[in-house]
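Here is the structure we will look at, set down as C-alpha cells.
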Amino acid sequence: MSVAMLPSLNNLSDAEVQSILREYSLGLTVEEAQIIEVKILKRPMTVAEAVAWSIQGSEHCSYKSSRAHLKQLPTEGRHVILGPGEDSGIVAIAEHEGERYGIVMAHESHNHPSQVVPYEGAATGIGGIVRDVVCMGAKVIATADPLRFGNINEHHTRWIAAGVRAGIGGYGNPIGVPNLAGDVYWTDRFSDNCLVNVVALGLVKESDIIHSHAPADAVKHGCVYILVGKPTDNSGFGGASLASDTLREVEKEHNKGAVQEPNAFLKRHLLESTYELFRILKEKKLIDKVGFKDLGAGGILCASAEMTDAAGCGAEINVDAIPVSMEHLPPEVVLCAETQERFAWIVPPDLAPLVLAHYNERWALPEVSLGARAAIIGNITGENYVARQNGEVVVDARAQDLCRGLKYDRPYAPKKIEYREPMLPEPNDYNEILKQMLAHENVASRAPFYERYDKNVQGQTIIEAGRADAGVLAPFLNEGAPQDIKKTGIALSVDGNPLYARISPYWGAANAVAESMRNVAAVGAVPWALTDCLNYGNPEKKEQMWEFVEGVRGIADAAKQIHLKGYADEPVPVISGNVSLYNESPRGSIDPSAIIACLGRLENYEKAITMEFKKPNSEIFMLGARKDELGGSVYYQIAHRHPEPSGASPERSEGSLGTNVPQPDFDEVGRQIYAITDMIDQGLLLSCHDISDGGLAVALAEMCFGGGGDNRIGIDVDLSIVGVIHELPLPSWKKLFSETGGFVFETTHADKMEKICAQYSLKPIKLGATTTEPAFQITDNGNAIIDEPVATLAERWVNGLREKIER
C-alpha cells in the first residue's frame with residue numbers, strides 16, 4: 001500500500017491550492033500549505049503530514065497568532081513552581097521541612113464541540129482538563145465551570161445549556177471530583193457560539209511532579225512511548241481544527257464527528273490506576289526518569305510530538321502498534337483522532353514491563369473496557385519525528401516544525417462602534433426594579449446548575465459553590481499531611497463580565513482579574529495565582545484581533561499592579577491558560593471574553609466566611625466609593641432598551657449598554673483586598689460580599705437571604721453619605737445599581753476594623769445595621785427608597801433563572 005500524498009502545490013494557483021485543501025478537509029490556509037511544502041519540508045506533504053499540520057498548526061494547539069502577545073503576562077513569582085509551558089501550572093501553597101506542596105491549575109475551553117453536541121462537548125471538556133492536571137503527577141481535587149450562553153429566551157439556547165449542564169454533571173460526578181466554583185452569563189452574542197470553559201485543580205508535592213515532556217537522556221536510554229487507555233477510533237478527528245474554525249449552521253451536522261465520546265467510568269478507573277502507579281514510581285525513585293502527558297487536541301501525534309519537541313529530540317511511532325477499535329483507519333486518523341480516556345508515558349525500556357503489567361494485569365484494563373490497554377507504540381530518537389505504517393513513512397518532520405512552525409504577527413485596529421450613555425429618569429418603583437434585577441438571568445441563583453454537580457465528594461469541601469463569593473477547600477484534610485500544614489485552605493473563583501468587554505475589551509479583562517481576586521478575598525483568602533481562558537473571535541479580522549490584544553493588555557496590567565499581598569512589587573502570577581479563537585458565526589463574533597480563575601490561599605480554612613448576614617444588630621460597612629459606572633450593568637439591561645448604535649445588528653441588541661464600565665484603580669483594589677483578608681484573619685467580620693453584577697442593592701439583598709436563599713436577616717441602610725464624587729452627589733439609583741467594585745461586610749468590631757482600614761489608607765463607609773425584622777429597608781436623604789420583605793426578594797432570586805430555563 002503506497003503512502004497517500006497531497007499533490008505538489010508548487011506552481012499551482014491559489015484557487016487550485018484552495019481546492020486541494022478543501023478536497024482533503026484541511027484547516028490550512030493557502031499560504032500555510034505553501035510554507036510547509038516549500039520552506040519546511042521542501043517536498044510535497046503526505047496526507048498524514050497535512051492533517052498533522054492542519055491540527056497541530058491550528059490556533060488551538062500552536063497559538064500562532066497569540067504567542068507574541070502572551071509574553072506580556074506576569075508568569076513568575078516566589079511561589080510559582082511551574083508557569084505556563086506544560087499542560088498545567090503549579091503554585092506552592094504550603095511547606096514542610098523544606099518540601100513545598102503545590103496546587104496544580106489548568107484552564108481550558110471546549111466551546112465549539114459544546115455548541116455542536118452539548119452533552120458530549122461539555123463532558124469531554126471536563127475529561128480533558130482532569131487529564132491536564134493528572135499528567136503533572138497530581139491528584140485531582142476540584143473542578144470549576146465558567147459558562148456563557150446565548151439569548152435565554154431562545155429555545156435552542158436553553159437546549160444547549162441543558163445539554164452542557166447534564167454533560168458536566170454526567171461526567172464530573174462519576175469520576176469523583178468536586179465542582180468547587182463556576183459562573184454563568186447569558187447574552188445574545190453567545191447564541192451561535194456558547195463558551196464552555198473548564199478549570200481543574202490538583203495537589204502534588206514538588207518532588208513528585210512529573211513533566212509532560214521526554215525525560216533527560218531519553219535518547220541515550222532508548223525510552224519508549226506507552227499509550228494507555230481506550231483503543232483509538234475516529235471520534236474527535238479534527239477536533240482541534242474545529243476549535244479553530246468559524247461555526248456555520250450548515251456544517252454542524254458534519255462537525256459532530258469532531259466531538260469526542262466520553263466514558264466517565266473508564267476515566268475513574270484510569271485515574272485510580274494512575275495514582276497507584278505514581279506511588280510506585282515515587283517508592284522506586286523513578287519520577288524524574290519518566291514523562292507523562294494526556295491525549296487531547298490532535299491525539300497521539302500532537303501529544304507525542306509536543307513531548308518530543310519540549311525535550312529537543314525526535315521519535316519513531318509505529319502506527320501498526322496503536323490499539324484501534326475500528327478496521328481500515330487511515331494513518332492520519334489513527335494518529336490524530338481525539339479518542340478520549342488516553343494517556344501517554346515515556347519511560348526507559350527496563351521500566352516498560354512494569355507499566356504494561358500495572359495497567360493490563362493489575363488493573364485489568366482489557367477487562368474493564370473493550371479494547372482498552374497499555375501498549376508500546378514507539379521510541380525516542382535523536383532525529384526527526386517519524387511515523388510509519390506497514391513499514392512506510394507517513395510522517396517525517398522536525399517536531400519543532402510540527403509544533404511551532406507557523407506564526408503570525410497579525411495586524412489589529414480598534415472597533416469603530418461606540419456606545420452611548422443613556423439619559424434615564426429616576427425609577428418610579430425601586431422595589432420593582434430590584435425584584436426584576438434579582439430575577440435577571442445574570443444575577444439570579446445558579447442553583448439550577450450547582451445542584452446537578454457533586455460538590456462534596458472527597459470530603460474536603462469547606463464552602464460549596466454558590467454559598468459564598470468563592471468555593472473553599474481544605475486540600476490536606478484527608479491526605480495524612482503534617483499537622484503544621486493541615487489547616488491550609490484554598491479558595492477558587494472564576495469571573496469575566498462579557499458586557500463590560502463588549503464596551504471595552506481592556507476594562508472587561510482587567511475587571512475579570514480584579515473581580516476574581518475580590519471574590520477569593522471575600523471568603524478570607526489571599527489571591528495567590530491566576531489562570532486565563534481567552535475566548536475571542538476571528539484573529540484574521542483586525543477589529544477582533546484588537547479585542548484580543550486589548551484583553552491581554554488588561555489582564556497583564558491588573559495582575560502586575562494588584563500586587564501579591566506582602567510583596568509590594570510582585571504581581572499575582574498567571575501560571576497557566578488557554579487561547580480560544582474563531583468564536584464566531586455568520587451572524588458575528590462572541591463578546592470578547594477573558595475568563596479568569598483566581599486561586600486564593602488561607603492559612604487556616606476554619607476562618608473562611610460566607611456572604612450571608614449572621615445576626616441582627618450588627619453594623620454594615622462598605623469599602624469602595626460608588627461611582628457613575630453603570631456601563632454594561634444589569635440595571636441598564638432592564639431599565640431602558642433600544643437598538644445599539646449604527647453598525648450593530650438590531651436583532652443582537654440588548655438595549656443601551658452605556659459607556660461607563662467600571663475602571664478599577666488597581667492600587668486601591670489591592671489595598672481593599674489586603675484589609676479585608678486581614679480583618680477576616682483576625683475574626684473581625686461575620687460576613688462579606690463583593691459588589692459586582694447589580695451593584696450595591698443586589699449585594700445587600702444577597703447578604704440578607706444568603707447563597708442558599710434561605711437566610712432571613714433584615715437591614716436598615718441609609719445611602720446619604722454614599723456616592724459623593726467630585727462634590728457632585730449621585731442620584732439614588734446610581735448609588736444602588738452602579739457596578740463599581742468593592743466590598744460590603746458585617747462586623748461587631750467597628751473600632752478594630754477601622755484601624756486596619758486606616759493602615760491601608762482606606763475609609764470604610766457605614767451603611768447601617770442588620771435588623772431583627774426580616775425586611776429590606778433603604779433610605780436616602782430622608783426618603784424611603786426600598787422596603788420589601790426579605791422573603792419576597794429571596795423568592796425572585798431563587799426562582800428567577802430556574803423559571804427561565806425550565807419553561
For this session: Mind counting the residues in the range 273-323 that are buried (at least 17 other Cβ atoms within 10 Å of the Cβ) and part of a loop (DSSP other than H, G, I, E, B)?
Result: 8
Exercise. Do any residues in the range 361-376 that are in a helix (DSSP H, G or I) have Cβ atoms under 7 Å from those of residues that are of a type in the set (Ser, Thr, Tyr), where the two are at least six apart or on different chains, and which pairs are they?
Worked result: Leu365/Tyr359
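Taking the condition assigned to a helix (DSSP H, G or I) and in contact with a strand residue (DSSP E or B) (Cβ under 6 Å, 6 or more places away or on another chain), does Val198 pass?
The answer is no for Val198.
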Seminar exercise, completed: Note on Ser207: of the conditions (1) buried (at least 21 other Cβ atoms within 10 Å of the Cβ); (2) at pLDDT 95 or above; (3) among the polar types (S, T, N, Q); (4) more than 16 Å from the chain's Cα centre (by Cα), unmet is (1)
Problem set entry | Unmet criterion (only one of (1) more than 26 Å from Val798 (Cα to Cα); (2) at pLDDT 95 or above) for Ala648 | (2)
Exercise. Filter the range 405-414 for residues that are surrounded by 16 or more Cβ atoms within 10 Å (Cβ to Cβ) and not hydrophobic (A, V, I, L, M, F, W, C); which is farthest from Tyr385 (Cα to Cα)?
Worked result: Tyr412
For this session: Output the residues belonging to the range 479-522 that are touching an Asp or Glu at 6+ places or on another chain (Cβ under 7 Å), of a type in the set (Asp, Glu) and closer than 22 Å to Lys455 by Cα.
Result: Asp495
Seminar exercise, completed: Filtering the range 4-35 for residues that are within 30 Å of His328 (Cα to Cα), among the small types (Gly, Ala, Ser) and outside any helix (DSSP H, G or I) leaves a count of 4
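Does Val164 meet the test of being touching a residue at least 60 places away in the same chain (Cβ under 8 Å) and assigned to a helix (DSSP H, G or I)? Walk me through it before giving the result.
Numbers: touching a residue at least 60 places away in the same chain (Cβ under 8 Å): no; assigned to a helix (DSSP H, G or I): yes.
No.
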Exercise. In the range 555-573, is there at least one residue being assigned to a strand (DSSP E or B) and either at pLDDT 95 or above or not hydroxyl-bearing (Ser, Thr, Tyr) (or both)?
Worked result: yes
Problem set entry | For Arg342: the one exception among (1) touching a strand residue (DSSP E or B) at 6+ places or on another chain (Cβ under 7 Å); (2) modelled with pLDDT under 90; (3) charged (D, E, K, R); (4) surrounded by 14 or more Cβ atoms within 10 Å (Cβ to Cβ) | (2)
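Could you list all residues from the range 75-111 that are in contact with a Cys (Cβ under 9 Å, 6 or more places away or on another chain), over 22 Å from Ala214 (Cα atoms) and not hydroxyl-bearing (Ser, Thr, Tyr)? Steps first, please.
Residues of the range 75-111 in contact with a Cys (Cβ under 9 Å, 6 or more places away or on another chain): 86-88, 107-109, 111.
Checking the rest, the ones that are also over 22 Å from Ala214 (Cα atoms) come to 107-109, 111.
If the condition is that a residue be in contact with a Cys (Cβ under 9 Å, 6 or more places away or on another chain), over 22 Å from Ala214 (Cα atoms) and not hydroxyl-bearing (Ser, Thr, Tyr), then His107, Glu108, Asn111 are the ones that fit.
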For this session: Would you mention how many residues in the range 465-484 are at pLDDT below 95 and either touching a His at 6+ places or on another chain (Cβ under 6 Å) or over 23 Å from Val140 (Cβ atoms) (or both)?
Result: 3
Exercise. Which of the residues belonging to the range 36-54 are buried (at least 20 other Cβ atoms within 10 Å of the Cβ) and out of contact with any helix residue (DSSP H, G or I) (no Cβ under 8 Å at 6 or more places or on another chain)?
Worked result: Glu37, Thr46
Problem set entry | Members of the range 324-360 found to be in a strand (DSSP E or B) and more than 23 Å from Thr124 (Cα to Cα), listed by number | Ile346, Val347
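Where residues in the range 153-181 are among the small types (Gly, Ala, Ser) and in contact with a helix residue (DSSP H, G or I) (Cβ under 8 Å, 6 or more places away or on another chain), which of them is surrounded by the most Cβ atoms within 10 Å (Cβ to Cβ)?
Step one: of the range 153-181, the residues among the small types (Gly, Ala, Ser) are 161-163, 166-167, 169-170, 172, 176, 181.
Now restrict to residues that are in contact with a helix residue (DSSP H, G or I) (Cβ under 8 Å, 6 or more places away or on another chain): 161-163, 166-167, 170, 172, 176.
Values: Ala161: 24, Ala162: 16, Gly163: 21, Ala166: 15, Gly167: 25, Gly170: 18, Gly172: 28, Gly176: 15.
Per the criteria, the residue is Gly172.
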Exercise. Which of (1) among the hydrophobic types (A, V, I, L, M, F, W, C); (2) buried (at least 18 other Cβ atoms within 10 Å of the Cβ); (3) part of a loop (DSSP other than H, G, I, E, B); (4) in contact with a strand residue (DSSP E or B) (Cβ under 9 Å, 6 or more places away or on another chain) is the odd one out, the single condition Leu402 does not satisfy?
Worked result: (3)
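Please indicate, with yes or no, whether at least one residue in the range 350-363 is farther than 19 Å from Val224 by Cα and surrounded by fewer than 17 Cβ atoms within 10 Å (Cβ to Cβ). Steps first, please.
Within the range 350-363, the subset farther than 19 Å from Val224 by Cα is 361-363.
Narrowing the set further to residues that are surrounded by fewer than 17 Cβ atoms within 10 Å (Cβ to Cβ) leaves 361-362.
Yes, that holds for at least one residue.
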Problem set entry | Lone qualifier among Val386, Val394 - being in contact with a Ser or Thr (Cβ under 6 Å, 6 or more places away or on another chain), over 30 Å from Leu657 (Cβ atoms) and outside any loop (DSSP other than H, G, I, E, B) | Val394
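Might you check whether a residue that is under 30 Å from Ile103 (Cα atoms) and touching a residue at least 24 places away in the same chain (Cβ under 8 Å) occurs anywhere in the range 624-641?
Taking the range 624-641 first, the residues under 30 Å from Ile103 (Cα atoms) are none.
Within the range 624-641, none of the residues are under 30 Å from Ile103 (Cα atoms) and touching a residue at least 24 places away in the same chain (Cβ under 8 Å).
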Exercise. Taking the range 532-549 as the search range and keeping residues that are out of contact with any Ser or Thr (no Cβ under 6 Å at 6 or more places or on another chain) and buried (at least 24 other Cβ atoms within 10 Å of the Cβ), which one is nearest to Gly182 (Cα to Cα)?
Worked result: Asp532
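Taking into account only those residues within the range 582-614 that are of a type in the set (Ser, Thr, Tyr) and outside any strand (DSSP E or B), which is surrounded by the most Cβ atoms within 10 Å (Cβ to Cβ)?
Narrowing the range 582-614 to residues of a type in the set (Ser, Thr, Tyr): 582, 585, 589, 593, 605, 610.
The next check asks that each one be outside any strand (DSSP E or B); those that pass are 582, 605, 610.
On the way: Tyr582: 23, Tyr605: 25, Thr610: 23.
Applying the filter and picking the extreme gives Tyr605.
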Exercise. In the range 41-70, which residue that is farther than 13 Å from Val579 by Cα and not in a helix (DSSP H, G or I) is modelled with the lowest pLDDT?
Worked result: Gly57
Exercise. Which residues, counting only those in the range 336-355, are touching a residue at least 60 places away in the same chain (Cβ under 8 Å) and more than 34 Å from the chain's Cα centre (by Cα)?
Worked result: Pro348, Pro349, Leu351, Ala352, Leu354
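Quick one: which strands (runs of 3 or more DSSP E) lie wholly within the range 82-152 and hold at least 1 residues that are at pLDDT below 95, buried (at least 22 other Cβ atoms within 10 Å of the Cβ) and touching a Leu at 6+ places or on another chain (Cβ under 9 Å)?
Numbers: elements: 89-96, 99-109, 139-149.
Once the strands (runs of 3 or more DSSP E) in the range 82-152 are filtered for at least 1 residues that are at pLDDT below 95, buried (at least 22 other Cβ atoms within 10 Å of the Cβ) and touching a Leu at 6+ places or on another chain (Cβ under 9 Å), what remains is 99-109.
The values are calculated or read from the model by the stated rules, or taken from the named source; none is laboratory data. Please read these numbers as outputs of a predicted model, since none were measured by experiment. Heads up, the Cβs are rebuilt from the backbone with ideal geometry, glycines too, and the neighbour counts pull from every protein chain shown.
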